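This report concerns only the one structure given below.
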Amino acid sequence: MLERRAAIATLLAKRREDLFVVPGLGSTTWDLASLGDDDRNFYLWGAMGGAAMIGLGLALARPKLKVAVITGDGEMLMGLGSLATIGVQYPPNLAVIVFDNGLYGETGMQASHTQAGVDLVGIARSCGIDLAFDVSEEEDLNRLADLLAEFDRTLFARVRIAPDEAPRVLPLRDGVALKERFRRAAGAA
């Protein structure tokens, strides 16, 4: 399994200027913030299950931007219906990346359904996302990072990460300020 902070650093090491990132609630937000704050990051505070749909909305509204949703298995499980909508809409500029540690980290590290065999990649494929795959090795993670810089169709990746708790790096929590700077960065203000 991959270490979460190293994984996000690898994924975004070649971040393009037009890549906007919507992290899920909790650990993926702290992971993204650990790389340094960026106006192109839209941190979700208290919006569990909403990252994929917010990413979809941004991808549809701004088709010239690339959008990466980076969330956890717990949030993705909470919003499984979003994969069906993403599959139907199939935006070529949206990537959904799930960091899967098999745990609900925000509620006490209980086992998530992925430990019981729920196959997120299989669900994504069933929803019409044909570019869907698992990542568990460094080599695969590097390929995903390269693909994130060049993708031209909807993609879904499940990144198997070790169940650890890295120190929290808290980004800005002012929702209005986050919205306004993100809108400016996306050219919507």
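The values are calculated or read from the model by the stated rules, or taken from the named source; none is laboratory data. These numbers come from a predicted model, not from an experiment. Ideal geometry is used to build each Cβ from the backbone, glycine not excepted, and the neighbour counts take in all protein chains shown. For the accessible areas, the whole protein counts, side chains as well, though only heavy atoms, and no ligand, DNA or RNA atoms are used. Shrake-Rupley method; radii C 1.70, N 1.55, O 1.52, S 1.80 Å.
In segment 70-81, how many residues are open to solvent by 10 Å² or more (accessible area, probe 1.4 Å) and of a type in the set (Ser, Thr, Tyr)?
Number of matching residues: 0.
List the pairs whose first member sits in segment 165-189 and is farther than 21 Å from Arg4 by Cβ and in contact (Cβ under 8 Å) with a residue 12 or more places away in the chain, whose second member is part of a helix (DSSP H, G or I) and open to solvent by 100 Å² or more (accessible area, probe 1.4 Å), and whose Cβ atoms are under 6 Å apart, counting only residues at least 6 apart or on separate chains?
From residues that are farther than 21 Å from Arg4 by Cβ and in contact (Cβ under 8 Å) with a residue 12 or more places away in the chain, there are no pairs.
I'd like the full set of residues that are open to solvent by 20 Å² or more (accessible area, probe 1.4 Å) and either modelled with pLDDT under 95 or within 20 Å of Thr28 (Cα to Cα) (or both), limited to segment 120-142.
Phe133, Asp134, Ser136, Glu137, Glu138, Asp140, Asn142
Being buried (at least 18 other Cβ atoms within 10 Å of the Cβ), at pLDDT below 90 and out of contact with any Gly (no Cβ under 7 Å at 6 or more places or on another chain) is the requirement here; does Leu2 meet it?
On the way: buried (at least 18 other Cβ atoms within 10 Å of the Cβ): yes; at pLDDT below 90: no; out of contact with any Gly (no Cβ under 7 Å at 6 or more places or on another chain): yes.
Criteria not met by Leu2.
Can we say Ser112 is at pLDDT below 95, surrounded by 24 or more Cβ atoms within 10 Å (Cβ to Cβ) and closer than 20 Å to Pro163 by Cα? Full working, then the answer.
Working: at pLDDT below 95: yes; surrounded by 24 or more Cβ atoms within 10 Å (Cβ to Cβ): no; closer than 20 Å to Pro163 by Cα: yes.
Answer is no for this residue.
Return the residue satisfying two criteria in turn: it lies in segment 45-101 and is among the β-branched types (Val, Ile, Thr) and part of a strand (DSSP E or B), and of such residues it is modelled with the lowest pLDDT.
The selected residue is Thr71.
If I go through segment 16-37 residue by residue, how many of them are open to solvent by less than 40 Å² (accessible area, probe 1.4 Å), in a loop (DSSP other than H, G, I, E, B) and out of contact with any Asp or Glu (no Cβ under 6 Å at 6 or more places or on another chain)?
Residues that pass the stated criteria total 2.
Can you pull out every residue in segment 152-164 that is at pLDDT 95 or above, touching a Leu at 6+ places or on another chain (Cβ under 8 Å) and not basic (Lys, Arg)?
Result: Thr154, Leu155, Phe156, Ala157, Val159.
Looking at segment 45-69, which of the residues that are in contact (Cβ under 8 Å) with a residue 40 or more places away in the chain and touching a Gly at 6+ places or on another chain (Cβ under 7 Å) is surrounded by the fewest Cβ atoms within 10 Å (Cβ to Cβ)?
So, considering only residues that are in contact (Cβ under 8 Å) with a residue 40 or more places away in the chain and touching a Gly at 6+ places or on another chain (Cβ under 7 Å), the one surrounded by the fewest Cβ atoms within 10 Å (Cβ to Cβ) is Trp45.
Conditions tested, residue by residue: (1) closer than 21 Å to Asp73 by Cβ; (2) among the polar types (S, T, N, Q); (3) open to solvent by less than 30 Å² (accessible area, probe 1.4 Å); (4) assigned to a helix (DSSP H, G or I).
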| position | (1), (2), (3), (4) |
| --- | --- |
| Leu144 | yes, no, yes, yes |
| Arg153 | no, no, no, no |
| Pro163 | yes, no, no, no |
| Leu172 | no, no, no, no |
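Residue pairs, Cβ under 7 Å, 6 or more apart or interchain, first in segment 12-35 and over 24 Å from Gly79 (Cα atoms), second open to solvent by less than 10 Å² (accessible area, probe 1.4 Å) and among the hydrophobic types (A, V, I, L, M, F, W, C). List them.
Filtered contacts from segment 12-35: Ala13/Ala145; Lys14/Ala145; Leu35/Ile8.
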